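S.K.: Take this structure first; my questions come after.
The values are calculated or read from the model by the stated rules, or taken from the named source; none is laboratory data. Remember, predicted model here, so these are calculated numbers, not experimental data. Cβ sites come from the backbone with ideal geometry, for glycine too, and all protein chains shown count toward neighbours.
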Amino acid sequence: MSFYEVVIPVLYVIYSQFLEYFTKTGRKGGHKGRARQYTSPEEIDAQLQAEKQKAREEEEQEEGEGATGDPKKDKKSLDSDESDEDDEDYQQKRKGVEGLIDIENPNRVIQTTKKVTQLDLDGPKELSRREREEIEKQKAKERYMKMHLAGKTEQAKADLARLAIIRKQREEAARKKEEERKAKDEAAMAGKRLQSLSLNK
(Lines give C-alpha, C1' and ligand atoms only; values in the text may rest on other atoms or scores of the structure.)
Protein backbone atom coordinates (compact mmCIF):
# COMPACT_ATOMS: atom_id res chain seq x y z
CA MET A 1 0.00 0.00 0.00
CA SER A 2 1.17 3.42 -0.82
CA PHE A 3 1.22 6.35 1.52
CA TYR A 4 -1.64 8.14 -0.25
CA GLU A 5 -3.91 5.10 -0.16
CA VAL A 6 -3.65 5.08 3.62
CA VAL A 7 -3.66 8.80 4.35
CA ILE A 8 -6.57 9.90 2.14
CA PRO A 9 -9.24 7.68 3.78
CA VAL A 10 -7.96 8.65 7.22
CA LEU A 11 -8.17 12.33 6.38
CA TYR A 12 -11.68 11.85 5.02
CA VAL A 13 -12.81 10.20 8.28
CA ILE A 14 -11.20 12.94 10.36
CA TYR A 15 -12.84 15.63 8.24
CA SER A 16 -16.29 14.03 8.48
CA GLN A 17 -15.95 13.73 12.29
CA PHE A 18 -14.83 17.35 12.46
CA LEU A 19 -17.91 18.47 10.52
CA GLU A 20 -20.18 16.27 12.64
CA TYR A 21 -18.74 17.73 15.84
CA PHE A 22 -19.23 21.33 14.76
CA THR A 23 -22.76 20.75 13.48
CA LYS A 24 -23.79 19.14 16.80
CA THR A 25 -22.17 21.70 19.07
CA GLY A 26 -23.22 24.68 16.95
CA ARG A 27 -19.81 26.28 17.15
CA LYS A 28 -18.57 28.44 14.37
CA GLY A 29 -16.22 26.97 11.85
CA GLY A 30 -14.33 30.24 11.55
CA HIS A 31 -14.22 33.71 12.96
CA LYS A 32 -16.51 35.16 10.27
CA GLY A 33 -20.13 34.48 9.49
CA ARG A 34 -22.68 32.42 11.32
CA ALA A 35 -22.80 28.81 12.39
CA ARG A 36 -22.61 26.55 9.40
CA GLN A 37 -24.70 23.45 9.09
CA TYR A 38 -23.54 20.65 6.87
CA THR A 39 -25.81 17.97 5.46
CA SER A 40 -24.35 14.59 4.82
CA PRO A 41 -24.99 12.89 1.46
CA GLU A 42 -26.99 10.15 3.23
CA GLU A 43 -29.39 12.73 4.67
CA ILE A 44 -29.81 14.37 1.26
CA ASP A 45 -30.63 11.00 -0.33
CA ALA A 46 -33.14 10.25 2.42
CA GLN A 47 -34.86 13.63 1.93
CA LEU A 48 -35.09 13.13 -1.84
CA GLN A 49 -36.58 9.66 -1.41
CA ALA A 50 -39.12 10.97 1.12
CA GLU A 51 -40.18 13.74 -1.28
CA LYS A 52 -40.55 11.28 -4.16
CA GLN A 53 -42.61 8.96 -1.98
CA LYS A 54 -44.85 11.82 -0.90
CA ALA A 55 -45.38 12.93 -4.51
CA ARG A 56 -46.31 9.35 -5.50
CA GLU A 57 -48.85 9.12 -2.67
CA GLU A 58 -50.45 12.44 -3.69
CA GLU A 59 -50.73 11.29 -7.31
CA GLU A 60 -52.34 8.02 -6.20
CA GLN A 61 -54.84 9.91 -4.05
CA GLU A 62 -55.74 12.24 -6.94
CA GLU A 63 -56.19 9.28 -9.29
CA GLY A 64 -58.38 7.51 -6.70
CA GLU A 65 -60.60 10.58 -6.26
CA GLY A 66 -60.93 11.09 -10.05
CA ALA A 67 -62.09 7.50 -10.67
CA THR A 68 -64.96 7.58 -8.12
CA GLY A 69 -66.52 11.01 -8.93
CA ASP A 70 -69.05 12.16 -11.54
CA PRO A 71 -67.72 12.97 -15.01
CA LYS A 72 -69.12 16.53 -14.83
CA LYS A 73 -67.41 17.11 -11.51
CA ASP A 74 -64.23 15.66 -12.93
CA LYS A 75 -64.27 18.18 -15.78
CA LYS A 76 -64.81 21.02 -13.34
CA SER A 77 -62.05 19.74 -11.11
CA LEU A 78 -59.74 19.46 -14.14
CA ASP A 79 -60.49 23.08 -15.08
CA SER A 80 -59.87 24.20 -11.53
CA ASP A 81 -56.66 22.15 -11.50
CA GLU A 82 -55.52 23.91 -14.67
CA SER A 83 -56.23 27.31 -13.16
CA ASP A 84 -54.46 26.24 -9.96
CA GLU A 85 -51.50 25.13 -12.06
CA ASP A 86 -51.50 28.49 -13.83
CA ASP A 87 -51.47 30.24 -10.45
CA GLU A 88 -48.67 27.96 -9.26
CA ASP A 89 -46.69 28.63 -12.45
CA TYR A 90 -47.14 32.35 -11.90
CA GLN A 91 -45.93 32.03 -8.33
CA GLN A 92 -42.96 29.92 -9.42
CA LYS A 93 -41.99 32.48 -12.07
CA ARG A 94 -41.55 35.20 -9.47
CA LYS A 95 -38.06 36.57 -9.49
CA GLY A 96 -35.83 37.81 -6.73
CA VAL A 97 -37.48 38.90 -3.51
CA GLU A 98 -41.04 38.63 -4.90
CA GLY A 99 -41.25 35.00 -3.80
CA LEU A 100 -40.27 35.86 -0.24
CA ILE A 101 -42.30 39.01 0.37
CA ASP A 102 -46.03 39.42 -0.23
CA ILE A 103 -46.52 42.86 -1.72
CA GLU A 104 -49.87 44.61 -1.43
CA ASN A 105 -49.50 47.54 -3.76
CA PRO A 106 -52.85 49.11 -4.72
CA ASN A 107 -51.35 50.53 -7.90
CA ARG A 108 -50.01 47.20 -9.06
CA VAL A 109 -51.96 45.62 -11.90
CA ILE A 110 -52.19 41.87 -11.60
CA GLN A 111 -52.02 40.23 -14.99
CA THR A 112 -54.70 37.62 -15.38
CA THR A 113 -54.50 35.16 -18.19
CA LYS A 114 -57.74 34.59 -20.07
CA LYS A 115 -58.70 31.55 -22.04
CA VAL A 116 -59.78 31.88 -25.66
CA THR A 117 -63.35 31.04 -24.69
CA GLN A 118 -63.42 33.91 -22.19
CA LEU A 119 -62.31 36.57 -24.66
CA ASP A 120 -65.01 39.00 -25.75
CA LEU A 121 -64.16 39.90 -29.32
CA ASP A 122 -67.52 41.48 -30.21
CA GLY A 123 -67.60 43.89 -27.27
CA PRO A 124 -66.25 47.45 -27.39
CA LYS A 125 -62.51 47.57 -27.19
CA GLU A 126 -60.92 50.11 -24.88
CA LEU A 127 -58.22 52.09 -26.60
CA SER A 128 -55.01 53.14 -24.97
CA ARG A 129 -54.17 56.81 -24.54
CA ARG A 130 -51.71 56.74 -27.43
CA GLU A 131 -54.23 55.10 -29.75
CA ARG A 132 -56.91 57.67 -28.80
CA GLU A 133 -54.48 60.54 -29.41
CA GLU A 134 -53.50 59.05 -32.78
CA ILE A 135 -57.15 58.79 -33.86
CA GLU A 136 -57.87 62.34 -32.70
CA LYS A 137 -54.82 63.57 -34.62
CA GLN A 138 -56.00 61.86 -37.81
CA LYS A 139 -59.52 63.29 -37.45
CA ALA A 140 -58.14 66.79 -36.86
CA LYS A 141 -55.93 66.44 -39.94
CA GLU A 142 -58.89 65.33 -42.07
CA ARG A 143 -60.99 68.28 -40.81
CA TYR A 144 -58.16 70.68 -41.59
CA MET A 145 -57.77 69.27 -45.11
CA LYS A 146 -61.53 69.68 -45.77
CA MET A 147 -61.39 73.28 -44.55
CA HIS A 148 -58.24 73.86 -46.59
CA LEU A 149 -59.84 72.54 -49.77
CA ALA A 150 -62.88 74.72 -49.12
CA GLY A 151 -60.54 77.72 -48.78
CA LYS A 152 -61.53 78.54 -45.20
CA THR A 153 -58.12 78.25 -43.53
CA GLU A 154 -55.58 81.04 -43.34
CA GLN A 155 -53.03 79.02 -45.29
CA ALA A 156 -55.58 78.32 -48.03
CA LYS A 157 -56.48 82.03 -48.23
CA ALA A 158 -52.78 82.95 -48.47
CA ASP A 159 -52.26 80.29 -51.18
CA LEU A 160 -55.25 81.56 -53.18
CA ALA A 161 -54.01 85.15 -52.93
CA ARG A 162 -50.56 84.08 -54.12
CA LEU A 163 -52.13 82.14 -57.01
CA ALA A 164 -54.20 85.20 -58.01
CA ILE A 165 -51.05 87.36 -58.08
CA ILE A 166 -49.21 84.78 -60.17
CA ARG A 167 -52.16 84.53 -62.61
CA LYS A 168 -52.20 88.31 -63.04
CA GLN A 169 -48.45 88.36 -63.66
CA ARG A 170 -48.75 85.59 -66.24
CA GLU A 171 -51.68 87.28 -67.96
CA GLU A 172 -49.73 90.55 -68.16
CA ALA A 173 -46.67 88.73 -69.49
CA ALA A 174 -48.81 86.93 -72.10
CA ARG A 175 -50.47 90.24 -73.10
CA LYS A 176 -47.07 91.93 -73.47
CA LYS A 177 -45.78 89.04 -75.56
CA GLU A 178 -48.83 89.23 -77.79
CA GLU A 179 -48.40 92.98 -78.23
CA GLU A 180 -44.70 92.57 -79.05
CA ARG A 181 -45.52 89.85 -81.57
CA LYS A 182 -48.16 92.03 -83.17
CA ALA A 183 -45.73 94.96 -83.30
CA LYS A 184 -43.10 92.73 -84.93
CA ASP A 185 -45.65 91.43 -87.45
CA GLU A 186 -46.76 94.96 -88.29
CA ALA A 187 -43.15 96.10 -88.64
CA ALA A 188 -42.42 93.14 -90.88
CA MET A 189 -45.51 93.85 -92.97
CA ALA A 190 -44.57 97.53 -93.21
CA GLY A 191 -41.05 96.59 -94.24
CA LYS A 192 -42.37 94.26 -96.95
CA ARG A 193 -44.68 96.98 -98.26
CA LEU A 194 -41.85 99.42 -98.42
CA GLN A 195 -39.71 96.91 -100.21
CA SER A 196 -42.41 96.06 -102.72
CA LEU A 197 -43.07 99.77 -103.32
CA SER A 198 -39.42 100.46 -103.86
CA LEU A 199 -39.17 97.59 -106.34
CA ASN A 200 -42.19 98.80 -108.25
CA LYS A 201 -40.70 102.21 -108.86
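S.K.: With respect to residue 163, is the statement that it is in a helix (DSSP H, G or I) and exposed (fewer than 10 other Cβ atoms within 10 Å of the Cβ) true?
M.R.: Details: in a helix (DSSP H, G or I): yes; exposed (fewer than 10 other Cβ atoms within 10 Å of the Cβ): no.
Considered against the rule, which asks whether it is in a helix (DSSP H, G or I) and exposed (fewer than 10 other Cβ atoms within 10 Å of the Cβ), residue 163 comes out as no.
S.K.: Look through 154, 126, 131 and report the one residue that is surrounded by 10 or more Cβ atoms within 10 Å (Cβ to Cβ) and not β-branched (Val, Ile, Thr). Write out each step before concluding.
M.R.: Working: 154 fails: surrounded by 10 or more Cβ atoms within 10 Å (Cβ to Cβ); 126 fails: surrounded by 10 or more Cβ atoms within 10 Å (Cβ to Cβ).
Just a single option satisfies the conditions, and that option is 131.
S.K.: What pairs come out if I take residues in segment 100-118 that are β-branched (Val, Ile, Thr) and pair them with residues that are modelled with pLDDT under 75 whose C-beta lies under 7 Å away, six or more apart or interchain?
M.R.: Here the result reads 113/86, each pair linking segment 100-118 to a residue that is modelled with pLDDT under 75.
S.K.: Sort out which residues of segment 150-201 are among the hydroxyl-bearing types (Ser, Thr, Tyr) and touching a helix residue (DSSP H, G or I) at 6+ places or on another chain (Cβ under 7 Å), and write them in order of number. I'd like the intermediate steps shown before the answer.
M.R.: Initial filter on segment 150-201 (among the hydroxyl-bearing types (Ser, Thr, Tyr)): 153, 196, 198.
Hit for segment 150-201 is 153, nothing else.
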